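First up is the structure itself, then whatever we jot down about it.
The values are calculated or read from the model by the stated rules, or taken from the named source; none is laboratory data. Fair warning: this is a prediction, and the values are worked out from it, not measured in the lab. Backbone-built Cβ (ideal geometry, glycine too); neighbour counts: all protein chains shown. All accessible areas refer to the heavy atoms of the entire protein, side chains included, with ligands and DNA or RNA removed. Shrake-Rupley method; radii C 1.70, N 1.55, O 1.52, S 1.80 Å.
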Amino acid sequence: RYLAHLATDRVTIIRTDGDIETRTEIVVVPNDAAEVRRITVTNNSDTTREVELTSYGEIVLAPRDADRAHPAFSNLFVETEWHEWCHAITAARRPRSANEAPVWCAHVLDRGRHRVGEVSFETDRARFLGRGRSTRVPIALESDAPLSGTVGAVLDPIFAIRTRVRLEPGQSESVAF
């Protein structure tokens, strides 16, 4: 089952797969140049379940026309860094000249009550997707292993953060990216 609600202030997507219901709320905060995605997972089964949630986002830190014309060139100037203390990946675009202002962005995972294990992350698109694959069937989702934790000046930078929640029967838990 899949249902989407579009409103002026948010998009809500509700999906049911077997005994697991997922509710995703997407809100844009224009004054802060931010987007928040809150995923609420509900366990409608009679047994305790562990559910893994993995975010994924493309990084673009160049003007739109420059990125469309030469995305690979624009990516050469992006460096990523992991901040364990706040579960955040930051990406910064190195200025190409003294007159260019530095540009950066962040992808953050909130801290939750029912998290299981360590949070893992990835910033290398090739490692996340795998050779010859797309975002529809990335290799990173075929295993429950942690993401590789690659950071720095990768060829094609992305944001990906993975966390796991444990849900008792009938329990819901929210995670925000």
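Taking the conditions (1) touching a Pro at 6+ places or on another chain (Cβ under 8 Å); (2) surrounded by 14 or more Cβ atoms within 10 Å (Cβ to Cβ) in turn, residue 25 satisfies each one other than (1). With respect to the conditions (1) surrounded by 13 or more Cβ atoms within 10 Å (Cβ to Cβ); (2) closer than 20 Å to residue 154 by Cα, residue 131 falls short on a single one, namely (1).
Please verify whether residue 16 is under 21 Å from the mean Cα position of the chain (by Cα) and at pLDDT 95 or above, treating the condition exactly as stated. Step through it out loud before you land on a result.
Working: under 21 Å from the mean Cα position of the chain (by Cα): yes; at pLDDT 95 or above: yes.
The answer is yes for residue 16.
Of the set (1) free of Cβ contacts under 8 Å to residues at least 60 places away in the same chain; (2) closer than 26 Å to residue 171 by Cα; (3) not aromatic (Phe, Trp, Tyr), all apply to residue 84 but (2).
Cβ separations smaller than 7 Å between residues 6+ apart or across chains give the following pairs from the range 45-60 residues that are closer than 19 Å to residue 158 by Cα and outside any strand (DSSP E or B) to residues that are at pLDDT below 95 and open to solvent by 50 Å² or more (accessible area, probe 1.4 Å): 56/135.
May I ask you to list the residues in the range 2-56 that are within 30 Å of residue 104 (Cβ to Cβ) and among the aliphatic types (A, V, I, L, M)?
At the first step, the residues of the range 2-56 found to be within 30 Å of residue 104 (Cβ to Cβ) are 8-13, 24-40, 52-56.
Those that are within 30 Å of residue 104 (Cβ to Cβ) and among the aliphatic types (A, V, I, L, M): 11, 13, 26, 27, 28, 29, 33, 34, 36, 39, 53.
Scanning the range 57-110 for residues that are among the aliphatic types (A, V, I, L, M) and open to solvent by 40 Å² or more (accessible area, probe 1.4 Å) returns 60, 66, 69, 72, 76, 92, 98, 101, 103, 106, 108. Within the range 116-141, residues that are assigned to a loop (DSSP other than H, G, I, E, B) sit with their Cβ atoms under 7 Å from residues that are surrounded by 13 or more Cβ atoms within 10 Å (Cβ to Cβ) and β-branched (Val, Ile, Thr), at 6+ positions apart or across chains, in these pairs: 116/165; 119/161; 119/163; 130/139; 133/139.
For the range 24-42, the set of residues classified as touching a residue at least 12 places away in the same chain (Cβ under 8 Å), closer than 16 Å to residue 55 by Cβ and either in contact with a Leu (Cβ under 8 Å, 6 or more places away or on another chain) or not hydroxyl-bearing (Ser, Thr, Tyr) (or both) consists of 25, 26, 27, 36, 37, 38, 39, 41, listed by residue number.
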